[in-house]
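Single-structure report; data block below.
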Amino acid sequence: GIQVEQSPPDLILQEGANSTLRCNFSDSVNNLQWFHQNPWGQLINLFYIPSGTKQNGRLSATTVATERYSLLYISSSQTTDSGVYFCAVGGAGGYNKLIFGAGTRLAVHP
Amino acid sequence: KAGVTQTPRYLIKTRGQQVTLSCSPISGHRSVSWYQQTPGQGLQFLFEYFSETQRNKGNFPGRFSGRQFSNSRSEMNVSTLELGDSALYLCASSRGNEQFFGPGTRLTVL
């Protein structure tokens with residue numbers, strides 16, 4: 001099956017800093033989503049981005065499907081950005097089965 | 001539009017018991033998927049239902065089962081609970097590829 005690797009596993013930032021989270025996947029995908037898991041466990045949708053580039057406020061994401069990676073950019077980080085960020089992919093024929101990476105745990109300090 | 005809802009939010013059971021969790025998808029979404037999140041294994045796909053039929057299944061024992069009703073609401077059942085079944089159980093609904101998650105049910109098995 002498809003393997004998903006996220007890096008770095010942990011990231012500590014000062015408020016206001018920028019960061020880049022990476023997601024590598026081992027096969028072609030027809031779905032790629034980025035999530036932020038809040039302290040209560042809910043997965044918050046950030047981007048649905050199987051290819052291309054999207055931006056939403058201070059967050060943006062790029063997926064290069066031919067090279068099998070995706071990047072999540074966080075600019076001017078805030079303490080509320082803290083938490084775990086997950087990349088999840090779905091392959092062709094897998095219907096709505098998402099395969100998750102292990103996540104990047106981000107801590108933003110004031 | 002209301003999001004995905006899950007009930008109950010918290011549950012404590014003892015080994016050997018069985019449990020039923022419920023998930024109501026976003027209105028108009030016909031696909032419901034279930035995931036288990038544990039500290040050791042991360043987020044893992046359990047199964048997906050679409051139009052009352054199981055369309056995909058993850059690598060879990062037969063003690064884990066589910067069903068979907070005609071109104072797209074879904075339930076999952078775990079029989080003969082084991083300590084290792086303690087986890088956050090998340091359901092997600094979708095109309096296309098993008099999945100939207102509920103707040104989860106946190107199950108503790110004593």
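The values are calculated or read from the model by the stated rules, or taken from the named source; none is laboratory data. This structure is a prediction, so every number in the text was calculated from the model and none was measured. All Cβ positions, even for glycine, are placed from backbone atoms using ideal geometry, and neighbour counts span all protein chains on display. Side chains included, ligands, DNA and RNA excluded: accessible areas come from the protein's heavy atoms. Shrake-Rupley method; radii C 1.70, N 1.55, O 1.52, S 1.80 Å.
Suppose the filter is polar (S, T, N, Q) and surrounded by fewer than 20 Cβ atoms within 10 Å (Cβ to Cβ); does residue A:55 pass it? Talk me through it step by step, then tell me what you get.
Values: polar (S, T, N, Q): yes; surrounded by fewer than 20 Cβ atoms within 10 Å (Cβ to Cβ): yes.
When the stated conditions are applied, residue A:55 passes them.
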Expected output for region A:74-85 (first residue farther than 13 Å from residue A:19 by Cα, partner polar (S, T, N, Q) and surrounded by fewer than 13 Cβ atoms within 10 Å (Cβ to Cβ), Cβ below 8 Å, 6+ apart or cross-chain) is none
Which residue pairs have Cβ atoms under 6 Å apart, sit 6 or more places apart or on different chains, and have a first residue in region A:1-30 that is modelled with pLDDT of 95 or more and a second that is of a type in the set (D, E, K, R)?
-> A:7/A:22; A:10/A:105; A:24/A:5; A:25/A:68
Picked from region A:72-92 (must be within 16 Å of residue B:99 (Cα to Cα) and within 12 Å of another protein chain (Cβ to nearest Cβ)), the residue most open to solvent (accessible area, probe 1.4 Å) is A:92
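Of A:48, A:69, which residue is within 11 Å of chain B (Cβ to nearest Cβ), modelled with pLDDT of 95 or more and open to solvent by 40 Å² or more (accessible area, probe 1.4 Å)? Reasoning before the result, please.
Details: A:69 fails: within 11 Å of chain B (Cβ to nearest Cβ).
Selected residue: A:48, the only one of A:48, A:69 that is within 11 Å of chain B (Cβ to nearest Cβ), modelled with pLDDT of 95 or more and open to solvent by 40 Å² or more (accessible area, probe 1.4 Å).
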Kindly indicate which of A:77, A:28, A:60 is touching a strand residue (DSSP E or B) at 6+ places or on another chain (Cβ under 9 Å), in a loop (DSSP other than H, G, I, E, B) and among the polar types (S, T, N, Q).
-> A:77
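Is it true that residue B:10 is open to solvent by 10 Å² or more (accessible area, probe 1.4 Å) and either among the hydrophobic types (A, V, I, L, M, F, W, C) or farther than 25 Å from residue A:84 by Cβ (or both)? Don't jump to the end; show me each part of the working.
Details: open to solvent by 10 Å² or more (accessible area, probe 1.4 Å): yes; either among the hydrophobic types (A, V, I, L, M, F, W, C) or farther than 25 Å from residue A:84 by Cβ (or both): no.
Judged against the criteria, residue B:10 is not a match.
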Filter result (closer than 16 Å to residue B:77 by Cβ and within 14 Å of another protein chain (Cβ to nearest Cβ)) within region B:22-32 | B:23, B:32
List pairs: first in region B:10-26 and at positive phi and touching a residue at least 12 places away in the same chain (Cβ under 8 Å), second open to solvent by less than 40 Å² (accessible area, probe 1.4 Å) and not in a strand (DSSP E or B), Cβ under 7 Å, 6+ apart or cross-chain?
-> B:16/B:81
Could you please find all residues in region B:36-76 being in contact (Cβ under 8 Å) with a residue 40 or more places away in the chain, open to solvent by 30 Å² or more (accessible area, probe 1.4 Å) and either within 11 Å of chain A (Cβ to nearest Cβ) or in contact with a Gly (Cβ under 9 Å, 6 or more places away or on another chain) (or both)?
-> B:37, B:75
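Take region A:31-57 and flag every residue that is polar (S, T, N, Q) and outside any strand (DSSP E or B).
Selection gives A:38, A:42, A:51.
When residues of region A:93-103 are filtered for being modelled with pLDDT under 95 and either open to solvent by less than 40 Å² (accessible area, probe 1.4 Å) or within 30 Å of residue A:15 (Cβ to Cβ) (or both), how many remain? Lay out the reasoning, then the answer.
Keep residues of region A:93-103 that are modelled with pLDDT under 95, which gives A:93-97.
Going one step further and asking which of them are either open to solvent by less than 40 Å² (accessible area, probe 1.4 Å) or within 30 Å of residue A:15 (Cβ to Cβ) (or both), we end up with A:94, A:96.
Residues meeting the conditions: 2.
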Here the residues within region B:77-93 that are touching a Gly at 6+ places or on another chain (Cβ under 9 Å), part of a strand (DSSP E or B) and farther than 16 Å from residue B:5 by Cβ are B:77
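Taking region B:77-99 as the search range and keeping residues that are more than 14 Å from chain A (Cβ to nearest Cβ) and out of contact with any strand residue (DSSP E or B) (no Cβ under 7 Å at 6 or more places or on another chain), which one is most open to solvent (accessible area, probe 1.4 Å)?
So the first thing to find is which residues in region B:77-99 are more than 14 Å from chain A (Cβ to nearest Cβ), and the list is B:77-85.
Next, from what is left, pick out any that are out of contact with any strand residue (DSSP E or B) (no Cβ under 7 Å at 6 or more places or on another chain): B:79-80, B:84.
Working: B:79: 35, B:80: 82, B:84: 60 Å².
This residue is B:80.
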